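Just below is one structure, and these are the notes that go with it.
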Amino acid sequence: MISANFWLLVVATVVAGYYSANGQLYRFAAAELAKPEYRERAVSMVLAGGIVGGVIGPNLARWTQHLGDAPFAGAYATLAVVALVSMGVVSLVRFPPVPPKKKGAGGGRPLLVIMRQPVFIVSTAAAALGYGVMNLLMAASPIAMQMCGHPFKDVALVLEWHVIGMFAPGFFTGHLIKRFGIIPIMSVGVVLNLLCIAIALSGVDVMHFLVSMFLLGVGWNFLFTAGTALSLRAYRPEERDKVQGAINFCVFAMMMISSFSSGALVTTQGWTLLNYGSLIPVALTGVAVLWYVLQDRPRQVA
């Protein structure tokens, strides 16, 4: 920002993206360090921390964007400080020592074998498609509100409630999973996405946007948390690195596709058609959950 070099900014953003992607592994680390009966709550609480970032992050950018002569250079400098604080916190985490590999021992089953399991398919579909729908509609909503003539202050209010919907449930989603089970919470996430789309299609007042984006955030939280909890059943300890990487690759590939297509779709096809199109991934998630229940029922009976 100080040198006004666009491509240097692009490279820096790639590095920031890598930093953010590694942060997505925290939820798996929390599950591995927690006792088995607390794993769902550990994943949920890590996601709940996002509400802190959702509140502090934008305000830090606003307070520091004019520090120094170059606009936003102060915001990037503050981000570096935040990263250093994160490093200090993570350095306090004590992981159990990694057991030495036995001579001739492999890294578990081949990745393709693991990915063909119903538990992997459904957990990854819930996390990836839930993230894709959330990102598609969330990124398009400010453009749609602007096209509908709503002022920026209303856009900011809607996005604020969307962030609250995404992360505030993290304080109790783990408890709900423990009490009712992974599949019921995942199913509620699908229903909340359907309600979000129904409300978005019913009108374009500020309240329609606010309620639909709030429900979208809660639905994402339920799907992503439950999907992560279910994925813990898909791999053995020696397989965790490659499987967690594969899950995150699927999630962020879907996020990348939805990010690229969101603005183009809402400006060319409109807010209504975008919401109708979002029914496809939501329906696919619902079908995947139902398929998993049917696959798992014979084993439960046996």
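The values are calculated or read from the model by the stated rules, or taken from the named source; none is laboratory data. Quick caveat, the model's predicted, so the values are computed rather than measured. No Cβ is skipped: glycine too gets one built from the backbone with ideal geometry, and neighbour counts run over all protein chains shown.
Here are the numbers:
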| item | result |
| --- | --- |
| Lone qualifier among V211, V204 - being hydrophobic (A, V, I, L, M, F, W, C), at pLDDT below 95 and under 16 Å from M145 (Cβ atoms) | V204 |
| Considering residues of segment 212-231 that are within 21 Å of G23 (Cα to Cα), over 11 Å from the mean Cα position of the chain (by Cα) and of a type in the set (G, A, S) only, the residue surrounded by the most Cβ atoms within 10 Å (Cβ to Cβ) | A226 |
| Enumeration of residues in segment 94-136 that are at pLDDT 80 or above and at positive phi | G108 |
| Any hit, segment 63-75, residues being within 23 Å of A127 (Cβ to Cβ) and free of Cβ contacts under 8 Å to residues at least 12 places away in the same chain | no |
| Residues being in contact (Cβ under 8 Å) with a residue 40 or more places away in the chain and either outside any helix (DSSP H, G or I) or among the small types (G, A, S) (or both) - total across segment 243-269 | 7 |
| Looking only at segment 232-259, and only at residues there that are under 30 Å from I143 (Cα atoms) and among the small types (G, A, S), the one that is surrounded by the most Cβ atoms within 10 Å (Cβ to Cβ) | S258 |
| Close pairs (8 angstrom Cβ cut-off, 6 or more residues apart or separate chains): within 12 Å of L279 (Cα to Cα) in segment 192-214, surrounded by fewer than 20 Cβ atoms within 10 Å (Cβ to Cβ) and among the β-branched types (V, I, T) anywhere | L201/T272 |
| Only listed residue being outside any helix (DSSP H, G or I) and of a type in the set (D, E, K, R), chosen from R233, R240 | R233 |
| Condition broken by A126, with the remaining ones in (1) assigned to a helix (DSSP H, G or I); (2) over 12 Å from F222 (Cβ atoms) satisfied | (2) |
| Set T13, T78: member being polar (S, T, N, Q) and buried (at least 16 other Cβ atoms within 10 Å of the Cβ) | T78 |
| Any hit, segment 27-36, residues being within 25 Å of N248 (Cβ to Cβ), among the small types (G, A, S) and without any contact (Cβ under 8 Å) to a residue 40 or more places away in the chain | yes |
| Residue match in segment 278-300 (condition: basic (K, R), touching a residue at least 12 places away in the same chain (Cβ under 8 Å) and more than 23 Å from M147 (Cβ to Cβ)) | no |
| Pick from segment 265-293, criterion more than 22 Å from the chain's Cα centre (by Cα) and at pLDDT below 90, ranking: surrounded by the fewest Cβ atoms within 10 Å (Cβ to Cβ) | T268 |
| Single condition R109 does not satisfy, out of (1) surrounded by 10 or more Cβ atoms within 10 Å (Cβ to Cβ); (2) part of a helix (DSSP H, G or I) | (2) |
| Selection status of A12, hydrophobic (A, V, I, L, M, F, W, C) and part of a helix (DSSP H, G or I) | yes |
| Matching entry among S44, S3, S20 (being among the hydroxyl-bearing types (S, T, Y) and in contact (Cβ under 8 Å) with a residue 60 or more places away in the chain) | S44 |
| Filtered residue count, segment 146-169, keeping only those that are of a type in the set (V, I, T) and surrounded by 20 or more Cβ atoms within 10 Å (Cβ to Cβ) | 2 |
| Which numbered condition Y26 misses (of (1) buried (at least 16 other Cβ atoms within 10 Å of the Cβ); (2) more than 19 Å from the chain's Cα centre (by Cα)) | (2) |
